[in-house]
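Trainee: Encoded as structure tokens, here's the structure I'll be asking about.
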Amino acid sequence: MIGASLFVSAVLFAIGVGGVLVRRNAIMLFMCVELMLNAVNLSFVALSRLHGVTGQVVVIFVMTVAAAEAAVGLAIIISAFRHFKSADLADIRLLGG
Amino acid sequence: MHPLTGTAADLVWLLPLLPFLGFVANGWLSLRGAVRARVTAHPTRLETEGSRHPQFTLVNVIGVGSVVAAFGVAIAVFAALAGAPDAAGPYVQTYGSWLPSGDLRVDWAFQVDRLSMVMALIVTGVGALIHVFSVGYMADDPGYPRYFSYLNLFVFFMLTLVLGASYAVIFVGWEGVGLASYLLIGFWFSETRNADAGKKAFIVNRVGDFGFLIAMFLLWANLGTLDFREVAQRVPELAAGGGLVTAICLFLFLGAAGKSAQMPLYIWLPDAMAGPTPVSALIHAATMVTGGVYLVARSADLFAIAPVASLTVVVVGAVTAIFAAVIGLKQWDIKKVLAYSTVSQLGMMFVAVGSGAYVAGLFHLVTHAFFKALLFLGAGAVIHALHHGYHAVHDETSDAQDLRLMGGLRRRMPVTFALMWIATLAIAGVPPLAGFFSKDEILASVFRQAGGSALAQATWLGIPGSVVLGTAYAILLVTALLTAVYMTRLMRYAFHGPSRVPGDAAAHVAESPWVMRGPLVVLGALTVAGGWLNLPALLPLGPVGTLEHWLAPVTGRGAAVLAAGAPALGHGTEQALVGVAVAVALAGIAIAWVVCRPDAVPAPDAPAPTSGFGWLLSNKFFVDEAIEALIVAPLVKVSRLVLWRGIDLGVLDALFVRGPGALTRGIGWAGTRLQSGLVGTYVWVIAIAVLAVLGLMLLMK
């Protein structure tokens, strides 16, 4: 049971990483990051069966932080979109050397 | 306990201090005036003609008063010294320790002895007269206080030079007079030519100073002292005629040749005429340029045991004497004639001190100070009068120093005319004027030394000393002839014949004010009477050999060593020598009187001769050009190509300045390449890095 949960978690995480690496739209990137967070949450929950309730507590924390992050991140993306008229990360490179 | 303790000789410190205070006070007045007026550009003399400095009287009291007071102190010290017994030895006063470093101990000390006080009297006495003359000559100059502060500074350093009790203290004065000379040559610095002349004097003198320094190092390394008394005591430790003492003396002479404008370092002196004329009289004729003669006489004990060095001094002196005299024949600038004359006369003095006739050399130094100062001040009076004449008719292009534009000044300036003729006869060697006695003594001494003295038995580059001295005697005779020629030529062109002054300026030329004529009259009296300082036994018109007897404790030992074995001259020979010298002088005057016709003077814009001897002469034998081509140009080339472009730019800049710069810029460039600003790239880097770390952790297990 744990093995299947961890496998699903790893697959979800890999999909998230792959999305972050290949997508250029900021929203898509953002969603992939959320996917990675939730993949980690899944493995925390699964492992809490072996190691006690701590993992489930951490998941609550992660979800809280992710909610805050989503608020700030989406605000930034909207702001950047207004400025650059684009959500494509290849267009947002003002910090380039 | 020295017999001079408690006498006026204790006041010797006042001698340099008084002019120094004058320098400080006048310097302050000058700076204050410059700040008040917010001077941005120096006004020219023409703009201020006829107007005086607001503190004219105060500047005079400080500038002239300090030197006159110093002259008074010098007389008092001299009188005290004259009252002391012959065997008293030098009276050294130490004021503090200057360089107490290990074994090296150099004190701030002044030495009162018979040589230093003779020099101090000349410096302050002639100096005071020239200061008085300057009051008239420089009256209209906008830099009036600055002029007197520099002049006082010069007197201060010159007194340090002559009074110093060791080579090190002398060197302070030596460098100081060089500085004052530089400042005064470039006094009218708004013209580049004058500033360049000052720089030339300074740089050429550095070559000589280098020799002086090496001589001091050698003395210190081998005798362990720079003090005159100790050097004199320890001279016997040096091998007589050895390489060491010869080297010391030759390096000392290099220093002397720089300061006293001897071959080949004489080139700065004619250019130094760019300064005000009283400066030329004081620094570049009467005092500073005789510093070299003083140095050799001061080191008589060393030169006495280095016959090769002494003969070198004779050779250089003789060559310089005749060379400068020849160039002087064809100069048209009245001051340039006198400048080459000074170089030539200094050469004569060096022949004297080189041949061991120290007293004759110093005697000529003293009389030369009188008559050459008189000649320069007389020339100054002429230039001043012509300058005013040109100003009165608003002629701003004519050269007030060009002999071709003079003539007929005899009627306009009778006093100056008469006094200049006295000085001319004196320098030519006509009895009974001062120059006759001193020049005759040099000639007689060299002749006597050539006839079998210790010096005559030495060899110089394989040439027997007797031949060197005999040739020197012949050269000096020719020089004496040329001296009479170029001086008579100067007088003839400046004062006789019809006036060649352009325009109506001649009508405005008048005798100078008394403040300028007064010093001329005093110097004229000294020129007439100066010979009585050291009358030869042949002409006992008073006490015989006063200076000889007076200086015997200082230079007597050295002179005796070099003259050992010289046969005394018979009465008939001496009379013949005097006769020859006088005949030569009169012949020179006669030749010049006939040849130099004032009505046949070329126009100032007449083309210079383009071939033959006249061409060589009018270009001063191309010595300046030769030095430029052989020394200055290669030096500049090496400096530019090897030192600047090669080492400075090629090695130092590339390795230590631009190298590190390029390296950091390269690293920075690589850094900017990483900062692409593309989030995608950063993500990839992070992902690969995480994979790498994880992979490593797996491998480590």
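The values are calculated or read from the model by the stated rules, or taken from the named source; none is laboratory data. Since the model is a prediction, treat every value here as computed from it, not as a measurement. So basically every Cβ, Gly included, is an ideal-geometry build from the backbone, and we count neighbours across all protein chains shown. Areas reflect the complete protein model, heavy atoms only, side chains present, ligands, DNA and RNA absent. Shrake-Rupley method; radii C 1.70, N 1.55, O 1.52, S 1.80 Å.
Trainee: For the subset of the range A:23-35 comprising residues that are open to solvent by 30 Å² or more (accessible area, probe 1.4 Å) and among the aliphatic types (A, V, I, L, M), which member is farthest from A:GLU69 (Cα to Cα)?
Mentor: Once the filter is applied, the top-ranked residue is A:MET28.
Trainee: Right, another one. Within the range B:587-594, can one find any residue that is farther than 17 Å from B:LEU490 by Cβ, hydrophobic (A, V, I, L, M, F, W, C), open to solvent by less than 80 Å² (accessible area, probe 1.4 Å) and assigned by TED's automatic domain parsing to the domain that holds B:THR488?
Mentor: Looking for residues that are farther than 17 Å from B:LEU490 by Cβ, hydrophobic (A, V, I, L, M, F, W, C), open to solvent by less than 80 Å² (accessible area, probe 1.4 Å) and assigned by TED's automatic domain parsing to the domain that holds B:THR488, one finds at least one in the range B:587-594, hence yes.
Trainee: Read through the list (1) touching a helix residue (DSSP H, G or I) at 6+ places or on another chain (Cβ under 9 Å); (2) within 24 Å of B:ALA240 (Cα to Cα), then give the number of the only condition that B:SER438 fails.
Mentor: Failed condition: (2).
Trainee: On the given criteria, is B:ASP605 part of a loop (DSSP other than H, G, I, E, B), open to solvent by 50 Å² or more (accessible area, probe 1.4 Å) and charged (D, E, K, R)?
Mentor: The answer is yes for B:ASP605.
Trainee: Out of B:ALA325, B:ALA339, B:ALA352, which single residue is modelled with pLDDT of 90 or more, within 30 Å of B:LEU244 (Cβ to Cβ) and outside the structural domain of B:LEU526 (by TED's automatic domain parsing)?
Mentor: Exactly one of B:ALA325, B:ALA339, B:ALA352 is modelled with pLDDT of 90 or more, within 30 Å of B:LEU244 (Cβ to Cβ) and outside the structural domain of B:LEU526 (by TED's automatic domain parsing), namely B:ALA352.
Trainee: Taking into account only those residues within the range B:110-140 that are open to solvent by less than 10 Å² (accessible area, probe 1.4 Å) and either polar (S, T, N, Q) or in a strand (DSSP E or B) (or both), which is nearest to B:THR57 (Cα to Cα)?
Mentor: The residue in question is B:SER134.
Trainee: State whether the residues of the range B:622-635 include one that is assigned to a helix (DSSP H, G or I), more than 29 Å from the chain's Cα centre (by Cα) and modelled with pLDDT of 85 or more.
Mentor: Within the range B:622-635, not a single residue is assigned to a helix (DSSP H, G or I), more than 29 Å from the chain's Cα centre (by Cα) and modelled with pLDDT of 85 or more.
Trainee: Which residues, taken from the range B:79-106, are out of contact with any strand residue (DSSP E or B) (no Cβ under 9 Å at 6 or more places or on another chain) and either under 30 Å from B:ALA552 (Cα atoms) or of a type in the set (A, V, I, L, M) (or both)?
Mentor: B:ALA79, B:ALA82, B:GLY83, B:PRO85, B:ASP86, B:ALA87, B:ALA88, B:GLY89, B:LEU104
Trainee: Sticking with this one: Could you identify the single residue in B:ALA662, B:ALA689 that is among the small types (Gly, Ala, Ser) and more than 14 Å from every other protein chain (Cβ to nearest Cβ)?
Mentor: Among B:ALA662, B:ALA689, only B:ALA662 is among the small types (Gly, Ala, Ser) and more than 14 Å from every other protein chain (Cβ to nearest Cβ).
Trainee: Continuing with the same structure: Considering B:ASP209, B:ASP271, B:ASP227, which residue is out of contact with any Phe, Trp or Tyr (no Cβ under 9 Å at 6 or more places or on another chain) and among the acidic types (Asp, Glu)?
Mentor: Just one listed residue meets the conditions, B:ASP271.
Trainee: For the range B:651-687, which residues satisfy the criterion of being within 27 Å of A:ILE15 (Cβ to Cβ) and open to solvent by 100 Å² or more (accessible area, probe 1.4 Å)?
Mentor: B:TRP684, B:ILE686
Trainee: Given the conditions (1) surrounded by fewer than 21 Cβ atoms within 10 Å (Cβ to Cβ); (2) of a type in the set (Lys, Arg); (3) closer than 26 Å to B:ARG114 by Cβ, and given that B:LYS372 satisfies all but one, which numbered condition is not satisfied?
Mentor: Tallying (1) surrounded by fewer than 21 Cβ atoms within 10 Å (Cβ to Cβ); (2) of a type in the set (Lys, Arg); (3) closer than 26 Å to B:ARG114 by Cβ, B:LYS372 fails exactly one: (1).
Trainee: Could you tell me how many of the residues in the range B:665-676 are assigned to a helix (DSSP H, G or I) and within 13 Å of chain A (Cβ to nearest Cβ)?
Mentor: 8
Trainee: Among A:LEU37, A:LEU95, A:LEU89, which is more than 14 Å from chain B (Cβ to nearest Cβ) and either under 25 Å from A:GLY18 (Cβ atoms) or more than 18 Å from the chain's Cα centre (by Cα) (or both)?
Mentor: Checking each option against the conditions leaves just A:LEU37.
Trainee: Answer yes if at least one residue in the range B:309-318 is surrounded by fewer than 24 Cβ atoms within 10 Å (Cβ to Cβ) and under 20 Å from B:THR483 (Cβ atoms), and no otherwise.
Mentor: yes
Trainee: Mind listing whichever residues of the range B:559-580 are in a helix (DSSP H, G or I) and surrounded by 17 or more Cβ atoms within 10 Å (Cβ to Cβ)?
Mentor: Of everything in the range B:559-580, those that are in a helix (DSSP H, G or I) and surrounded by 17 or more Cβ atoms within 10 Å (Cβ to Cβ) turn out to be B:ALA559, B:VAL561, B:LEU562, B:ALA563, B:GLU574, B:LEU577, B:VAL578.
Trainee: For B:ALA654, state whether it is closer than 30 Å to A:GLY18 by Cα and more than 9 Å from chain A (Cβ to nearest Cβ).
Mentor: no
Trainee: Sort out which residues of the range B:555-582 are small (Gly, Ala, Ser) and in contact with a Leu (Cβ under 6 Å, 6 or more places away or on another chain), and write them in order of number.
Mentor: B:ALA581 - this is the single residue of the range B:555-582 that is small (Gly, Ala, Ser) and in contact with a Leu (Cβ under 6 Å, 6 or more places away or on another chain).
Trainee: Another question, if that's okay. Take the range B:571-585 and flag every residue that is within 13 Å of B:THR483 (Cα to Cα) and in contact with an Asp or Glu (Cβ under 7 Å, 6 or more places away or on another chain).
Mentor: Within the range B:571-585, B:ALA581 is the sole residue that qualifies.
Trainee: Oh, and also: Can you run down the residue pairs with Cβ atoms below 7 Å, 6 or more apart or on separate chains, where the first is in the range B:677-701 and outside any helix (DSSP H, G or I) and the partner is open to solvent by 60 Å² or more (accessible area, probe 1.4 Å)?
Mentor: Partner pairs satisfying both residue conditions: B:GLY677/A:ARG93; B:GLY677/A:LEU94; B:GLY677/A:LEU95; B:LEU678/A:ARG93.
Trainee: Given B:LEU295, B:LEU282, B:LEU365, which one is touching a helix residue (DSSP H, G or I) at 6+ places or on another chain (Cβ under 8 Å), open to solvent by less than 10 Å² (accessible area, probe 1.4 Å), in the same structural domain as B:ALA472 (by TED's automatic domain parsing) and closer than 22 Å to B:LEU121 by Cβ?
Mentor: Just a single option satisfies the conditions, and that option is B:LEU365.
Let's see how each residue does on (1) among the hydroxyl-bearing types (Ser, Thr, Tyr); (2) open to solvent by 90 Å² or more (accessible area, probe 1.4 Å); (3) not in a helix (DSSP H, G or I):
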| site | (1), (2), (3) |
| --- | --- |
| A:GLY3 | no, no, no |
| A:LEU6 | no, no, no |
| A:VAL17 | no, no, no |
| A:LEU21 | no, no, no |
| A:LEU37 | no, no, no |
| A:SER43 | yes, no, no |
| A:ARG49 | no, yes, no |
| A:HIS83 | no, yes, no |
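Trainee: Which of (1) modelled with pLDDT under 90; (2) within 14 Å of chain B (Cβ to nearest Cβ) does A:ILE2 not meet, given it meets every other one?
Mentor: Only one criterion in (1) modelled with pLDDT under 90; (2) within 14 Å of chain B (Cβ to nearest Cβ) is unmet by A:ILE2, namely (2).
Trainee: Scan the range A:48-86 for residues that are β-branched (Val, Ile, Thr), away from every other protein chain (no Cβ under 14 Å) and within 13 Å of A:ASN25 (Cα to Cα) and jot them down.
Mentor: Residue satisfying the conditions is A:ILE78 alone.
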